[in-house]
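These notes concern the structure reproduced below.
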Amino acid sequence: MKLQSMTGFARASAQFAGAQIAWEVKSVNGKSADGRFRLPPGFERIEPVTRQRLQKTFARGNFQATLTLTRPAIQVQPVVNEAFLKDLAGLAKRLQEQFGAAPASADGLLALRGVLDIPEAVESEEGRAALDVAILAVFDTALSDLEAARQREGEALGALLSSHLDQMEALTLKAEADPSREVESIRRKLAEQVSLLLDAAAGLDEARLHAEAAFLATKADIREEIDRLKTHVASGRALLAAGGAVGRKLDFLAQEFNRESNTLCSKSNAASVTAIGLELKAVVDQFREQVQNLE
């Protein structure tokens, strides 16, 4: 499966029986697949189906789908009540002859209630069903195009996240190889600290002081943090390689990276390791920021 970004846009259109059908679908970041639909009056009936298809195609994102439908008006035949019109015309003529009334005009007579009837355009059930099928087919095309657009951006995001993982791995190895972690360096530093304390207070128990110093040295060891960071890097690469909707898992992994980099800084007993830890934190922040855009 391919990685997908949660942002994208697609437009699809087609003609059907003289009608122009057009869908525009766009998506932005979201915790789940949530859609808002803008449909012409009378087409609310297709929303449940479109929503179901959208949620079947995508795992996460806020979506907005707009349907534009342009179609020719249905031609209807006016119906004239000829008997009624004839009666009215006769009445108008008598009024003209007897009372000198103005002669009646054709448009005046046709405007009278009950003379002319224009039936309401009624779409057949079969025609409506066929149009719905065509509209949904165009919607499926728009979803497919949107998925392709999100995958293209997801590929770019994957490359960026992979480079962040490479940086984190390099910094982890740099911390592991730092001279301050060598046994001789640790021994020398502990000896200097113990010597300073003994010189400052001659009454201190030397054996107890050595034991406490050894305990603090063990507590300051970052071996476990380095091992976990290596494991997290491997997990991140495996998730990117697997593809699909891995955004939530990578976000959780970013939190673990952040926790280990914080601990690395707090346990560090050398300025060089602290600097590595701070640089690692900056890369982790960049990694987590980009993960937010991933499905």
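The figures follow:
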{"quantity": "Residues (closer than 19 Å to G30 by Cα and among the aliphatic types (A, V, I, L, M)) located in segment 135-155", "calculated": "L143, L146, A148, A149"}
{"quantity": "Test set (1) more than 22 Å from the chain's Cα centre (by Cα); (2) modelled with pLDDT of 95 or more - L157 fails condition number", "calculated": "(1)"}
{"quantity": "Options Q64, Q55, Q77; residue that is in contact (Cβ under 8 Å) with a residue 12 or more places away in the chain, in contact with a Lys or Arg (Cβ under 9 Å, 6 or more places away or on another chain) and of a type in the set (S, T, N, Q)", "calculated": "Q64"}
{"quantity": "For F9: the one exception among (1) at pLDDT 95 or above; (2) over 27 Å from L160 (Cα atoms)", "calculated": "(2)"}
{"quantity": "Flag if G30 is in a loop (DSSP other than H, G, I, E, B), within 20 Å of D145 (Cα to Cα), touching a strand residue (DSSP E or B) at 6+ places or on another chain (Cβ under 8 Å) and of a type outside the set (A, V, I, L, M)", "calculated": "yes"}
{"quantity": "Any hit, segment 22-32, residues being in contact with a Pro (Cβ under 8 Å, 6 or more places away or on another chain), at pLDDT 85 or above and within 30 Å of E295 (Cα to Cα)", "calculated": "no"}
{"quantity": "Test set (1) assigned to a helix (DSSP H, G or I); (2) modelled with pLDDT under 90; (3) surrounded by 13 or more Cβ atoms within 10 Å (Cβ to Cβ) - D221 fails condition number", "calculated": "(1)"}
{"quantity": "Residue satisfying condition, being modelled with pLDDT of 95 or more, part of a helix (DSSP H, G or I) and more than 24 Å from the chain's Cα centre (by Cα), within set A241, A234", "calculated": "A234"}
{"quantity": "Residue under evaluation L109, criteria (1) under 30 Å from E295 (Cβ atoms); (2) surrounded by 15 or more Cβ atoms within 10 Å (Cβ to Cβ), criterion not met", "calculated": "(1)"}
{"quantity": "Residue ranges of helices (runs of 4 or more DSSP H) in segment 41-158 with at least 3 members touching a Leu at 6+ places or on another chain (Cβ under 9 Å) and under 30 Å from L239 (Cα atoms)", "calculated": "47-57"}
{"quantity": "Residue in segment 24-31 that is touching a residue at least 60 places away in the same chain (Cβ under 8 Å), surrounded by fewer than 18 Cβ atoms within 10 Å (Cβ to Cβ), under 22 Å from E125 (Cβ atoms) and over 13 Å from the mean Cα position of the chain (by Cα) present", "calculated": "no"}
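The values are calculated or read from the model by the stated rules, or taken from the named source; none is laboratory data. Small disclaimer: the values here were computed from a predicted structure and weren't measured. Using ideal geometry, Cβ is built from the backbone for each residue, glycine included, and neighbour counts are taken over all protein chains shown.
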